[in-house]
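K.L.:
Sending over a structure as structure tokens; questions will come in a sec.
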Amino acid sequence: SFSNHERITFRRRTSPMKMGLEVKIRIVGRKNGGEPWLESSYSTYEKRLKPTNLQVTTQWHKNDDDLVKAVEGDEAKNHPVVLLDPLGKMCTSEKFCDGMYKWLEEGGSRLTFVIGGAEGLPEELRGVGARRRNLLSLSSLTFTHQFARILLMEQIYRASEIRKGSGYHK
């Protein structure tokens with residue numbers, strides 16, 4: 001119980017409370033720097049994920065410095081960060097699914113994937129003196145960063161379908 005001298009104020013939320021899992025893709029480059037089919041491909045998986053409790057957003061960064069600051073901000077909030085890098089660990093879609101949901105659980109339903117620009121990831125993120133981060137490789141092939149974003153989005157969608165037990169993943 002509260003005494004007469006204590007006053008409690010409740011603030012009304014101006015936006016609806018978000019529920020579910022939030023995955024952020026951080027990428028260096030310009031959103032409109034690619035071909036229209038790239039955005040169309042990405043949108044296909046974005047639409048497929050709409051009915052799930054998994055929300056994926058992309059944050060575009062002008063340069064490596066902006067990317068590094070944003071990643072450090074995510075880490076300060078204890079959101080797991082996964083760097084997409086050719087030297088990272090390769091895994092099956094099932095292992096990706098397990099890892100993604102484990103990272104989401106560890107991060108309080110928040111997870112950040114990072115894709116470097118045309119020159120790859122900045123040395124501050126993946127270099128020798130850098131903080132230990134999760135490194136993941138989508139393939140031993142080389143892709144543009146815009147195409148890597150589509151591959152990642154498809155794997156995120158596939159992971160949600162594996163988790164659901166649907167027939168999408170065969």
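K.L.:
GLN59 is checked against (1) among the polar types (S, T, N, Q); (2) closer than 17 Å to GLN155 by Cα; (3) at pLDDT 95 or above; (4) in contact with a strand residue (DSSP E or B) (Cβ under 9 Å, 6 or more places away or on another chain) and fails just one. What number does that condition carry?
P.N.:
It fails just one condition, (2).
K.L.:
Something else: Among the numbered criteria (1) at pLDDT below 95; (2) in a helix (DSSP H, G or I); (3) open to solvent by less than 40 Å² (accessible area, probe 1.4 Å); (4) not hydrophobic (A, V, I, L, M, F, W, C), which single criterion is violated by TYR101?
P.N.:
(1)
K.L.:
Which residues, counting only those in segment 110-123, are modelled with pLDDT of 95 or more and open to solvent by 30 Å² or more (accessible area, probe 1.4 Å)?
P.N.:
ARG110
K.L.:
Can you pull out the residues in segment 124-144 that are assigned to a helix (DSSP H, G or I) and either at pLDDT 95 or above or open to solvent by less than 30 Å² (accessible area, probe 1.4 Å) (or both)?
P.N.:
Across segment 124-144, the qualifying residue is only LEU125.
K.L.:
Could I ask something else about it? How about segment 145-169: which of its residues are basic (Lys, Arg) and surrounded by fewer than 15 Cβ atoms within 10 Å (Cβ to Cβ)?
P.N.:
If the condition is that a residue be basic (Lys, Arg) and surrounded by fewer than 15 Cβ atoms within 10 Å (Cβ to Cβ), then LYS164 is the only one that fits.
The values are calculated or read from the model by the stated rules, or taken from the named source; none is laboratory data. No experiment lies behind these values; they were computed from the predicted model shown. As a convention, Cβ positions derive from the backbone with ideal geometry for all residues, glycine included, and neighbour counts pool all protein chains shown. What goes into the accessible areas is simple: the full protein's heavy atoms, side chains included, and nothing from ligands, DNA or RNA. Shrake-Rupley method; radii C 1.70, N 1.55, O 1.52, S 1.80 Å.
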